[in-house]
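First up is the structure itself, then whatever we jot down about it.
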Amino acid sequence: MKHLASSIALTLLLPAVQAQQTVWGQCGGQSWSGPTNCVAGAACSTLNPYYAQCIPGATATTTTLSTTTTTKTTTKPTTTGPTTSAPTVTASGNPFSGYQLYANPYYSSEVHTLAMPSLPSSLQPKASAVAEVPSFVWLDVAAKVPTMGTYLADIQAKNKAGASPPIAGIFVVYDLPDRDCAALASNGEYSIANNGVANYKAYIDAIRAQLVKYSDVHTILVIEPDSLANLVTNLNVAKCANAQSAYLECVNYALKQLNLPNVAMYIDAGHAGWLGWPANLGPAATLFAKVYTDAGSPAAVRGLATNVANYNAWSLSTCPSYTQGDPNCDEKKYINALAPLLKSAGFDAHFIMDTSRNGVQPTKQSAWGDWCNVIGTGFGVRPSTNTGDPLQDAFVWVKPGGESDGTSNSSSARYDAHCGYSDALQPAPEAGTWFQAYFEQLLTNANPTF
């Protein structure tokens, strides 16, 4: 936090400090010079070092609600871990078959405590239904890993109590050093220049320890969104070029260490508008196959995840204008073009797709590469193995709908220009923090409806 240099500067700041911010507006954070007090009925809650937000119904006590910085305490019943004699479940075939997925308690808490109090009564039952949809838990900082254990213990207890079908845990591994190398909104906690690779390996070791401890819980992981795809198309960006060897080393370590009998992994593979172009398919297949074989072709690596936190359709009869002539204009076309190339290179991959925000087609993107808080979106198809394509294991909700993609505040340290585009909903808070207007948009436009 910058210190004020003089009493004159302090005097100039006072009017802004004494003003009151509206509900859900920003009220603090690094370099913030706007209102720090909230209107009646809301309190300024620090979500991360970059952002504080006026939360309705909150107390004056600072709380931490961001999924990018802290560990959420669950209200689920506490259970003990398994004994050394606990049976180990083994993943084979489609890892989603025969399981129900775990509804993320953190996301459910966000919906119930942040979203619903501000919604009209007509939308509250719909929002409550959203909170019950299984969505992946993002392990986006090392401090979240103990929470993984809390959730796995809860799943274990429910399964022992007779959950039918048994419950599977679903998590995103997302903490590479120099993360998000071609953008700014989701920069992570580790730097390659500051022991980042070693820190990342310790993070993976901690995840492995939880998975070994709860070896009787079937667990599905998405590995590092946006990482390897950047190595296909964005090596002209200095940060990505500098991160290339570290990304490959870290992902290799993750695939080897997390190759456990109770685990199934899907490596993130961007989306149709990124790697689906004919010129990108070959290099993408070469890279993903090499990553897979360099790790020893781990049995737990089932395939690739696409459309994570994106908006693409599964199958379109007509390609929208913003796809600009790409013949692989939806995720079904993309994976069916990519899969044969992967197989010929030694990686017989299957796929999952994030449908959490793709309910409105065509989208209202001005350009296919516009990724930040796109206007007009809606919740999409609920998690299901009914995909109609043997390559596609499941539709899933990876992105928790209602958490921001990035701030529209151009003075923020993590501002990315995409979040200020005309097709981005604004004003938007920092990445990972609650974005009430966006949640309402997703809920209103949900397809199928709730």
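Key figures
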| quantity | calculated |
| --- | --- |
| Evaluation of A299 against (1) among the small types (G, A, S); (2) over 25 Å from N328 (Cβ atoms); (3) not in a loop (DSSP other than H, G, I, E, B) (one fails), failing number | (3) |
| Candidates V222, V212, filtered to the one that is in the same structural domain as D154 (by TED's automatic domain parsing), surrounded by fewer than 17 Cβ atoms within 10 Å (Cβ to Cβ) and either in contact with a Leu (Cβ under 9 Å, 6 or more places away or on another chain) or part of a strand (DSSP E or B) (or both) | V212 |
| Hits in the range 404-450 - residues which are aromatic (F, W, Y), surrounded by 24 or more Cβ atoms within 10 Å (Cβ to Cβ) and over 23 Å from P362 (Cβ atoms) | W434 |
| Criterion (buried (at least 24 other Cβ atoms within 10 Å of the Cβ) and closer than 30 Å to H418 by Cβ) met by exactly one of D180, D175 | D175 |
| Criterion violated by Y322 - all others in (1) in contact (Cβ under 8 Å) with a residue 60 or more places away in the chain; (2) under 19 Å from G380 (Cβ atoms) satisfied | (1) |
| Those residues of the range 228-240 which are more than 14 Å from A193 (Cβ to Cβ) and assigned to a helix (DSSP H, G or I), in sequence order | L228, A229, N230, L231, V232, T233, C240 |
| Tally, over the range 404-435, of residues that are outside any loop (DSSP other than H, G, I, E, B), within 30 Å of A103 (Cβ to Cβ) and touching a Ser or Thr at 6+ places or on another chain (Cβ under 6 Å) | 1 |
| Subset of the range 227-283 that is of a type in the set (D, E, K, R) and under 30 Å from Y99 (Cα atoms) - its residue that is surrounded by the most Cβ atoms within 10 Å (Cβ to Cβ) | D268 |
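The values are calculated or read from the model by the stated rules, or taken from the named source; none is laboratory data. Keep in mind that this is a model prediction, so the values were computed, not measured. A quick note on method: Cβ atoms are made from the backbone with ideal geometry, for glycine too, and the neighbour counts reach across all protein chains shown.
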